[in-house]
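The block underneath contains the structure these notes are about, expressed in structure tokens.
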Amino acid sequence: MPDRGDTYPALLELTLARLREFIREPEAVFWVFVFPILMTCALGVAFRSRGDQSSVVAVVDGPGRAAVEAALTGVPGITVSTLPPGEVDRALQRSDVQLVIEPGTRPTYRFDPTLAESRLARRAVDEALQRAAGRHDQFRARDQSVETVGSCYIDWLEPSVLAVLPQWHYLHIEQDVLPYLREHGVTDEQIDTMLVHTPRRFFEQAGSY
């Protein structure tokens, strides 16, 4: 039978040798220990709880603008700004505002109904304007805040960071990437292959869930 007294020291020496070999490789130490810590800190900052966020809405400059802004000024959760008529489409495309209001006897709300923040902005603005027009609530409910641990927000950046990332918007590929590719000789047929045919072939082979 093998001598167990000799086995354990040998195993210990082998472990220590592997540990010393690992420590002598700075890149290995970085990817195993330092990088996960950095990623944890970065993700913690990017996806931390944002608290209460105001709905950013804009009123189109024109007749009736002052009345609409007066009705919305001071309403909790709503930040109001003025927008020239020619900048409406661009502001919505870049998500600079969640809602654009065109004043009138019956105001027009321009927003993307697929975005939750835009739907919430539409509801908050409509309630504020309806009250300003004379509608009275039958009761006022009480609010009870409930906070849960682990919530995260996808595709969100710190507002102060957005100033240095002008291309962080939903039309980045259409407005920035595709023109760049065409300017450098990529044909529409090649673009269709990258964005249409290749994904279609992949999902057809993957099958249903």
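A few points about this structure:
- Members of the stretch 72-130 that are outside any strand (DSSP E or B) and among the hydroxyl-bearing types (Ser, Thr, Tyr): THR73, SER95, THR105, THR114, SER118
- The set of residues from the stretch 52-69 being surrounded by 12 or more Cβ atoms within 10 Å (Cβ to Cβ) and either among the β-branched types (Val, Ile, Thr) or under 21 Å from the mean Cα position of the chain (by Cα) (or both) comprises GLN53, SER54, SER55, VAL56, VAL57, ALA58, VAL59, VAL60, VAL68.
- Number of positions in the stretch 95-106 that are farther than 10 Å from VAL57 by Cα, over 14 Å from the mean Cα position of the chain (by Cα) and surrounded by 16 or more Cβ atoms within 10 Å (Cβ to Cβ): 2
- Pairs linking a residue in the stretch 164-186 that is under 23 Å from ASP112 (Cα atoms) to a residue that is surrounded by 11 or more Cβ atoms within 10 Å (Cβ to Cβ) and of a type in the set (Gly, Ala, Ser), with Cβ atoms under 9 Å and 6 or more positions apart or on different chains, are TRP168/SER95; HIS169/SER95; TYR170/SER95.
- Only listed residue being closer than 30 Å to THR108 by Cα and either assigned by TED's automatic domain parsing to the domain that holds LEU120 or in a helix (DSSP H, G or I) (or both), chosen from VAL34, VAL59: VAL59
- Residues that are modelled with pLDDT under 85 and either in contact with a His (Cβ under 6 Å, 6 or more places away or on another chain) or not hydrophobic (A, V, I, L, M, F, W, C) (or both), drawn from the stretch 176-209: GLU204, GLN205, GLY207, SER208, TYR209
- Qualifying residue in the stretch 41-57 (condition: under 30 Å from ALA132 (Cα atoms) and at pLDDT 90 or above): yes
- Within the stretch 70-86, restricting attention to residues that are of a type outside the set (Ser, Thr, Tyr) and surrounded by fewer than 16 Cβ atoms within 10 Å (Cβ to Cβ), the residue that is nearest to the chain's Cα centre (by Cα) is GLY77.
- Test result for ARG65, of a type outside the set (A, V, I, L, M, F, W, C) and within 18 Å of ALA132 (Cα to Cα): yes
- Residue match in the stretch 125-135 (condition: under 19 Å from ALA91 (Cβ atoms) and either at pLDDT below 90 or in the same structural domain as VAL97 (by TED's automatic domain parsing) (or both)): yes
The values are calculated or read from the model by the stated rules, or taken from the named source; none is laboratory data. Note that the structure is predicted; figures quoted are calculated from it, not measured. Quick reminder, even Gly has a Cβ in these numbers, built from the backbone with ideal geometry, and neighbours come from all protein chains shown.
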